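The values are calculated or read from the model by the stated rules, or taken from the named source; none is laboratory data. Since the model is a prediction, treat every value here as computed from it, not as a measurement. Cβ: placed from backbone, ideal geometry, glycine included. Neighbour counts: every protein chain shown. Just the protein is used for accessible areas: all its heavy atoms, side chains included, with ligands, DNA and RNA removed. Shrake-Rupley method; radii C 1.70, N 1.55, O 1.52, S 1.80 Å.
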Amino acid sequence: MTNKRIKTIVLDDIEANKQKKQEEKSKYEQALEKYNTEVDDNAIKEAVRTLIGSKVAENDNTEVKKFLLGSVELTSLHTTDTEEGILAMTEKVNKFSETFPTLPHVAAICVYPVFTELVSNSLEVDGVEITNVCGNFPSSQSRMEVKVAETSLAIQDGATNVDIVMPVGKFLSGDYEGVSDDINELKQACGDVPMKVILETCDLENLSNVKKAALLSMYAGADYIKTSTGKEKAGATPEGVYVMCQAIKEYYEQTGIQIGIKPAGGINTVMDAVILYTIVKEVLGEKWLTNYWFRLGTSRLTNLLVSEIIGKETKWF
């Protein structure tokens, strides 16, 4: 056998092995290879610092604050929640426009599934969604059958949005196929009901992982990606939201599919919200600046926004 023939056989074997390894990768791992997921944390911090310094001031105005108020998912996710408390919150949403006729209503009420039927039967305002946290929120650590059942029952009771938590433990173990399969199964349970996937960014160790988690979630069926449960050590950060927006933009350019974003947790001031709005505006653009594609998960921010808009302190919610 000639050296040329031997070389050809060796090259063919190498190519065959490459093909085999590629086929052994999950479709989600292959999808990740279309993107640059190596993110420099320090570079992102600098980019965000520059963006805040140059762009936030122009968005610190009443019209933006009204938009932010209309993007709020008014949230109550406490161990101490009662039917009386959730009903009172819903009634405040019902009566808000009577007291503040020039202001937009909130985008959604976000509660545990046990309260869904109560909210569905009590909510009188058109255009306010009912968001449920499902899939064994906030840990996502339960059998898939339990997660699917909870999600399906929530929708049956009237949930019009569903928020689930990405299985963070599987992600940190490198089981990207398992992560994606879990998300996809819950999306199948949701059907046409929009599903937000909570990445729990504070547990993902670095911004490269935030980008990978965002992309995996979108390929697995997420309609939105969300930063946090609000139950861990930290919530939304400007840097995490910036990277999530980059992932959404690149995914949109690759697939043509628009994905929403929901910062949640740790949004303590109006300026926090204005900064997040600015990041979404600058990275994703005007197409995302609607209260469908941009949501804020918060409880305390709502009163702060109303107070700043009307020029006096209020504690309506």
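For the pair residue 149 and residue 316, what calculated FRET efficiency results from E = 1/(1 + (r/R0)^6), where r is the Cβ-Cβ distance and R0 = 51 Å, to the nearest 0.05?
Step by step, r from the Cβ atoms, then E = 0.90.
Give me the extension gain from residue 100 to residue 173: residue separation times 0.36 nm, minus the current Cα-Cα distance, reported in nm with one decimal.
21.3 nm
Over the chain, consider all pairs of different Cα atoms and compute the Kirkwood hydrodynamic radius from their mean reciprocal separation; express it in Å, one decimal.
20.7 Å
With a probe of 1.4 Å, find how much accessible area the chain has per residue, and write the answer as a whole number in Å².
About 47 Å² of surface per residue is accessible.
Computing the accessible area with a 1.4 Å probe over protein heavy atoms, can you report the carbon and sulfur percentage for the chain?
Reported share for carbon and sulfur atoms: 48 percent.
Do the sum for the chain: with -39,500 (n - 2.57) for every DSSP H run of n ≥ 4, divided by all residues, what is the mean residue ellipticity at 222 nm, to the nearest 500 deg cm²/dmol?
Counting only the DSSP helices, I get -17000 deg cm²/dmol.
Considering amide H positions built from the backbone, and no H for Pro or chain starts, which residues 5 or more places from residue 226, or on another chain, come under 5 Å of its amide H?
197, 198, 199, 262
What full-extension length gain, to one decimal in nm, is calculated for residue 92 and residue 40 as 0.36 nm per residue of separation minus the Cα-Cα distance?
Value of the extension gain: 14.3 nm.
Under a plain spin-label model, where a point goes 7 Å from the Cα along Cα-to-Cβ, how far apart in nm are residue 254 and residue 49?
Computed distance between label sites residue 254 and residue 49 equals 3.0 nm.
In segment 187-278, which GluC sites (Glu not before Pro) fall in coil by DSSP and have 12 or fewer other Cβ atoms within 10 Å?
205
Roughly how big is the chain's charge dipole about its Cα centre, with Cβ charges of +1 (Lys, Arg) and -1 (Asp, Glu), in debye to the nearest 20?
Result for the chain is approximately 780 debye, rounded to the nearest 20.
Which cross-chain or sequence-distant (5 or more) residues have an amide H under 5 Å from the amide H of residue 296, H modelled 1.01 Å from N in plane?
Residues meeting the amide H criterion: 72, 73.
Let me know the Rg and Dmax you get for segment 80-135 when you use only its Cα atoms, in Å.
Over segment 80-135's Cα set, Rg and Dmax evaluate to 11.4, 37 Å.
Using θ = phi - 60° and the Karplus curve 6.51 cos²θ - 1.76 cosθ + 1.60, what whole-Hz ³J(HN,Hα) does each residue of segment 271-285 get, with Gly and Pro shown as x?
Karplus values, whole Hz, x for Gly and Pro: 5, 3, 5, 5, 4, 5, 4, 4, 5, 4, 4, 6, 8, 9, x.
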